[in-house]
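*Asks:* Here it is: the structure, laid out below.
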Amino acid sequence: MAETKKCPHCSDRKKLRTEEERKELLKRLRRAEGQIRGIEKMIEDDAYCPTILTQVAAVTAALNSFNKELMACHMRSCVADDIREGKDEAIDEFVKVMQKLMK
């Protein structure tokens, strides 16, 4: 299982991801990045607005997919580990993150 640890240089926590987690997350981000580059090209080429909007919806879906994958990793490791260690504040932190995502 991946570990969480505190960065010695700051107060933010760090997450040591498995190679599999890292690859999956980066794959999803790169997919969205490619779609955004496609939108830029569409703007440069004066593409029809509904065509661009369809591509923007695809980027949104790709980022939502990324969020779901990252959230699942976070729940399985960081939140679960904190709860096992008696750090119930992990639940409050998770709720705050969910509230931000659901705006």
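*Asks:* For the range 91-103, in order, what is each residue's ³J(HN,Hα) by Karplus, 6.51 cos²θ - 1.76 cosθ + 1.60 with θ = phi - 60°, in whole Hz (x at glycine and Pro)?
*Replies:* For the range 91-103, the Karplus curve yields 5, 4, 4, 4, 4, 4, 5, 4, 4, 5, 5, 9, 5 Hz.
*Asks:* What 222 nm value per residue comes from the helices of the chain, counting each DSSP H run with n ≥ 4 as -39,500 (n - 2.57) and dividing by all residues, nearest 500 deg cm²/dmol?
*Replies:* Rounded to the nearest 500, it is -23000 deg cm²/dmol.
*Asks:* While we're looking at this one, here's another question. Once the Cβ-Cβ distance between ARG84 and GLU33 is put in as r, and R0 is 22 Å, what FRET efficiency do you end up with, to the nearest 0.05?
*Replies:* Between ARG84 and GLU33 the formula returns 0.05.
*Asks:* Could you tell me which label, among (i) 5.8; (ii) 8.5; (iii) 9.2, carries the value of mean projected area of the Cα convex hull in nm² calculated for this structure?
*Replies:* (ii)
*Asks:* Just grab the label-to-label distance for GLU40 and LYS15, each label 7 Å out from Cα along the Cβ direction, in nm (one decimal).
*Replies:* 2.7
*Asks:* Apply the Karplus parameterisation 6.51 cos²θ - 1.76 cosθ + 1.60, with θ equal to phi minus 60°, to every residue of the range 28-37 and state each ³J(HN,Hα) to the nearest whole Hz, in sequence, with x for glycine and proline.
*Replies:* For the range 28-37, the Karplus-derived couplings read 5, 5, 5, 4, 5, 4, x, 5, 5, 4 Hz, x marking Gly and Pro.
*Asks:* So, one more: Please list, in order along the range 56-73, the HN-Hα scalar couplings obtained from phi with the Karplus expression 6.51 cos²θ - 1.76 cosθ + 1.60 (θ = phi - 60°), rounded to whole Hz, x for Gly and Pro.
*Replies:* Those phi angles translate into 4, 4, 5, 5, 4, 5, 5, 5, 5, 5, 4, 4, 5, 5, 5, 5, 5, 4 Hz.
*Asks:* Under a straight-distance cross-link criterion of Cα-Cα below 16 Å, which aspartates and glutamates are reachable from LYS41, leaving out those fewer than 8 residues away in the same chain?
*Replies:* GLU33
*Asks:* Still on this structure, please answer the following. Can you spot the lysines whose alpha carbon is less than 24 Å from LYS87's alpha carbon? Ignore those fewer than 8 places along the same chain.
*Replies:* Within the straight-line cut-off, LYS87 pairs with LYS5, LYS6, LYS14, LYS15, LYS68, LYS96, LYS100.
Readers should treat all values here as calculations from the given coordinates under stated rules, not as data from a laboratory. Owing to the predicted nature of the structure, the values given are computational and were not obtained by experimental measurement. Note: ideal-geometry Cβ built from the backbone for every residue, glycine included; neighbour counts use all protein chains shown.
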